[in-house]
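Peer 1: Input: one structure, supplied below.
The values are calculated or read from the model by the stated rules, or taken from the named source; none is laboratory data. Quick caveat: nothing in here was measured; it's all calculated off a predicted structure. Glycine gets a Cβ as well: all are built from the backbone with ideal geometry, and neighbour counts include every protein chain shown. The area values use the complete protein model at the heavy-atom level, side chains included, leaving out ligands, DNA and RNA. Shrake-Rupley method; radii C 1.70, N 1.55, O 1.52, S 1.80 Å.
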Amino acid sequence: MTIFDLQLKAELENVTNLAPKEDEEEAYTWFIKFQCCGCRETTENFVSVNIKESRAISGSRGDAHLVMTCKFCKRENSASLCGPAAAYATSDQYATIVQIECRGIDPVEFSPRGDWRAASTVSDAKFEFSLDEDEWYDYDDEAGETVSVTKIEARFERGRAKK
């Protein structure tokens, strides 16, 4: 079992607290490419991982948010999110937004598609938007300023379980 930190870096203009849109009823679906630790093959497409979905791990009493069989070496691998996402607040610096516990696979690429939210730094405005295009631009009517999230980068670093 290895824990990975998904770290995000983005250029934030007049916004802060960038986070996936989640609430008690609906969780954010993370889109990640994984590499099998057995044969080193990487998934062709992004795989979805959702904290509200759970699947049984064969030959085990446990379950995981993602259970998949490598289509090359046929090994069963799993991944689980280690809690809700944290908000990204500091522009142009990497910060951990979620941890993923992986067994038999390593995360290698993240796509920030889906719905996100952020708060204005120049007014009380809150924004909800899609990052399907890997960037977002809008106008804060309360402050009369442009707001944006651009130059999104993501990386995975080996992490430690948070207590």
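Peer 1: Are there any pairs with C-beta distances below 6 angstrom linking a residue in the stretch 112-129 that is outside any strand (DSSP E or B) to a residue that is modelled with pLDDT of 95 or more and aliphatic (A, V, I, L, M), with the two at least 6 apart or on different chains, and if so which?
Peer 2: These pairs meet every condition: P112/L131; P112/I152; V122/A143; S123/A143.
Peer 1: Then there's this: Can you confirm whether the stretch 22-31 contains a residue that is more than 17 Å from C82 (Cα to Cα) and out of contact with any Lys or Arg (no Cβ under 8 Å at 6 or more places or on another chain)?
Peer 2: Yes, because at least one residue in the stretch 22-31 is more than 17 Å from C82 (Cα to Cα) and out of contact with any Lys or Arg (no Cβ under 8 Å at 6 or more places or on another chain).
Peer 1: Within the bounds of the stretch 92-103, is there any residue that is modelled with pLDDT of 95 or more, in a strand (DSSP E or B), more than 28 Å from S148 (Cβ to Cβ) and more than 17 Å from the chain's Cα centre (by Cα)?
Peer 2: yes
Peer 1: Turning to a different aspect of this structure: Give the stretch 3-45 a look and list any residue that's open to solvent by less than 60 Å² (accessible area, probe 1.4 Å), farther than 20 Å from Y94 by Cα and either of a type outside the set (S, T, Y) or more than 16 Å from the chain's Cα centre (by Cα) (or both), or say none.
Peer 2: E22, A27, F34, Q35, C36, C37, G38, C39, T42, T43
Peer 1: Pull up the stretch 115-147, narrow it to residues that are small (G, A, S) and under 17 Å from the mean Cα position of the chain (by Cα), then point me to the one that is surrounded by the fewest Cβ atoms within 10 Å (Cβ to Cβ).
Peer 2: Across the stretch 115-147, the extreme among qualifying residues is S130.
Peer 1: Return the residues of the stretch 64-89 that are free of Cβ contacts under 8 Å to residues at least 40 places away in the same chain, open to solvent by 20 Å² or more (accessible area, probe 1.4 Å) and not in a strand (DSSP E or B); say none if nothing qualifies.
Peer 2: H65, K71, F72, C73, K74, R75
Peer 1: Would a scan of the stretch 46-54 turn up a residue that is more than 20 Å from I97 (Cα to Cα) and either at pLDDT 95 or above or not aromatic (F, W, Y) (or both)?
Peer 2: Checked against the condition, which is being more than 20 Å from I97 (Cα to Cα) and either at pLDDT 95 or above or not aromatic (F, W, Y) (or both), the stretch 46-54 yields at least one hit.
Peer 1: Test E13 against the stated conditions and say whether it is at pLDDT below 95, within 29 Å of W136 (Cα to Cα) and of a type in the set (D, E).
Peer 2: Criteria not met by E13.
Peer 1: Could you tell me which numbered condition R61 fails, if it satisfies all but one of (1) at pLDDT below 95; (2) of a type outside the set (V, I, T); (3) open to solvent by less than 30 Å² (accessible area, probe 1.4 Å)?
Peer 2: Condition (3) is where R61 drops out.
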